[in-house]
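J.: First the structure, then my questions, so here it is.
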Amino acid sequence: MKYNLTILICLYNKNVNTSNTLQSLLKSDYVKENSTIFIWDNSIEPLEQESLNFLNNNFSKLIYKHTPENVVLSKIYNAVIESLDDNCYLMLCDDDSNIPVAFFDKLIEQIKINPNQDLFLPQIYSNSVLVSPAKDFLIKTSLIKKLTPGAIMSSYTTAINSGMVISSRFFKEEGFRYDERLRFYGTDNYFMNEYSKLRKDLIVLDIKFTHSLSFNDSNDVNNKLRIFKEIKKSNAIIYSDQFLKRQIVLFNNLVVACKLSLKHKTLRFFSN
């Protein structure tokens, strides 16, 4: 049985050759033959026609949308959700993930075994450390050192967007949409927070791939400051209707600001 899979790649100032995600997808026969590739390109310049012709020749169905105004992720995700067919699955991707070819075999296998499940997560590694999924206890995000693939509880579980696969059934039944006040950070935590209210568990796939985390991997203080401010804003939105949790998260933001200020010898992390 074939499953309808829409793979969304959010592209930013990269092309076919420089996007690890596109290069990964081009290696999968399953993706080429059975998936809709939806490229939402926030780059300043659109892909060249030669590149689009190449992609059209390699994927059975390609949708390409160029928005040089740099549309925020929450709006992109909502627009794509609205376009989904019934009984399909949406895979979220950034433009720089190394996705193993075996990922799709593992995904389809688990969809067959768990047809009523609405969320499938890969194991994401950054610098040889499992960073997603992880446990989010508000004041601390704990990495999972021993993770057994299969069903895990959704409560207190967080994950990053890249590689996340969600059933369209979830969007249709629950009417879920992303809060469009969220920009480029926090959409993953927002989804996982809302998902845990509506579904008790999810499936972790027996597959690993690598992904770069811009905040952890950056040595640029200005970039870290920008990201930290975005994360603080997104946290206020995510927990806007949960007073106690919001207070805990705000306190944790203060603790993190102290640590970053000491590490980088600047008080700028306390500014709004």
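The values are calculated or read from the model by the stated rules, or taken from the named source; none is laboratory data. Quick caveat: nothing in here was measured; it's all calculated off a predicted structure. Backbone-built Cβ (ideal geometry, glycine too); neighbour counts: all protein chains shown. What goes into the accessible areas is simple: the full protein's heavy atoms, side chains included, and nothing from ligands, DNA or RNA. Shrake-Rupley method; radii C 1.70, N 1.55, O 1.52, S 1.80 Å.
J.: Would you be able to say whether some residue in the stretch 29-40 is more than 21 Å from the chain's Cα centre (by Cα), open to solvent by 60 Å² or more (accessible area, probe 1.4 Å) and without any contact (Cβ under 8 Å) to a residue 12 or more places away in the chain? Spell out how you get there, then give the answer.
T.: Pass one, the stretch 29-40, residues more than 21 Å from the chain's Cα centre (by Cα): 29-30, 32-34.
Still in the list and also open to solvent by 60 Å² or more (accessible area, probe 1.4 Å): 29, 33.
Subsequent filtering for residues that are without any contact (Cβ under 8 Å) to a residue 12 or more places away in the chain retains 29.
Scanning the stretch 29-40 turns up at least one residue that is more than 21 Å from the chain's Cα centre (by Cα), open to solvent by 60 Å² or more (accessible area, probe 1.4 Å) and without any contact (Cβ under 8 Å) to a residue 12 or more places away in the chain.
J.: Limited to the stretch 147-182, what total is found for residues that are part of a loop (DSSP other than H, G, I, E, B), of a type outside the set (Phe, Trp, Tyr) and within 19 Å of LYS75 (Cα to Cα)? Break it down into steps so the answer makes sense when it comes.
T.: Initially, the stretch 147-182 is screened for residues part of a loop (DSSP other than H, G, I, E, B), giving 147-149, 154-156, 159-164, 175-182.
Narrowing further to those that are of a type outside the set (Phe, Trp, Tyr): 147-149, 154-155, 159-164, 175, 177, 179-182.
Keeping just the survivors that are within 19 Å of LYS75 (Cα to Cα) gives 160-164, 175, 177, 179-182.
Residues that pass the stated criteria total 11.
J.: If you scan the stretch 114-142, which residues turn out to be out of contact with any Lys or Arg (no Cβ under 8 Å at 6 or more places or on another chain) and in a strand (DSSP E or B)?
T.: Keep residues of the stretch 114-142 that are out of contact with any Lys or Arg (no Cβ under 8 Å at 6 or more places or on another chain), which gives 114-117, 120-121, 126-129, 131-137, 139-140.
Once the filter is applied, which keeps residues that are out of contact with any Lys or Arg (no Cβ under 8 Å at 6 or more places or on another chain) and in a strand (DSSP E or B), the stretch 114-142 yields PHE120, LEU121, SER126, VAL129, VAL131, SER132, ALA134, LYS135, ASP136.
J.: So which residues in the stretch 114-145 are surrounded by fewer than 16 Cβ atoms within 10 Å (Cβ to Cβ), touching a residue at least 12 places away in the same chain (Cβ under 8 Å) and in contact with an Asp or Glu (Cβ under 9 Å, 6 or more places away or on another chain), if there are any at all?
T.: Across the stretch 114-145, the qualifying residues are SER126, ASN127.
Okay, residues lined up against (1) touching a residue at least 40 places away in the same chain (Cβ under 8 Å); (2) open to solvent by less than 70 Å² (accessible area, probe 1.4 Å):
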position	(1), (2)
SER162	yes, yes
THR187	yes, yes
PHE191	no, yes
ARG199	yes, yes
ILE227	yes, yes
LYS259	no, no
THR266	yes, yes
ASN272	yes, no
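J.: Which ones in the stretch 234-247 are assigned to a helix (DSSP H, G or I) and either surrounded by 16 or more Cβ atoms within 10 Å (Cβ to Cβ) or touching a helix residue (DSSP H, G or I) at 6+ places or on another chain (Cβ under 8 Å) (or both)? I'd like the intermediate steps shown before the answer.
T.: Residues of the stretch 234-247 that are assigned to a helix (DSSP H, G or I), as a first pass: 234-238, 243-247.
Once the filter is applied, which keeps residues that are assigned to a helix (DSSP H, G or I) and either surrounded by 16 or more Cβ atoms within 10 Å (Cβ to Cβ) or touching a helix residue (DSSP H, G or I) at 6+ places or on another chain (Cβ under 8 Å) (or both), the stretch 234-247 yields SER234, ASN235, ALA236, ILE237, ILE238, ARG246.
J.: Mind checking which pairs have a first residue in the stretch 74-91 that is among the polar types (S, T, N, Q) and a second that is in a helix (DSSP H, G or I), Cβ under 9 Å, 6 or more apart or different chains?
T.: SER74/THR187; SER74/TYR190; ASN87/SER168; ASN87/ARG169
For (1) in a helix (DSSP H, G or I); (2) β-branched (Val, Ile, Thr); (3) touching a helix residue (DSSP H, G or I) at 6+ places or on another chain (Cβ under 9 Å); (4) crowded, with 19+ Cβ neighbours inside 10 Å, each residue gets a yes or a no:
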position: LYS27; (1), (2), (3), (4): no, no, no, no
position: LEU62; (1), (2), (3), (4): no, no, yes, no
position: ASP95; (1), (2), (3), (4): no, no, yes, yes
position: LYS112; (1), (2), (3), (4): yes, no, no, no
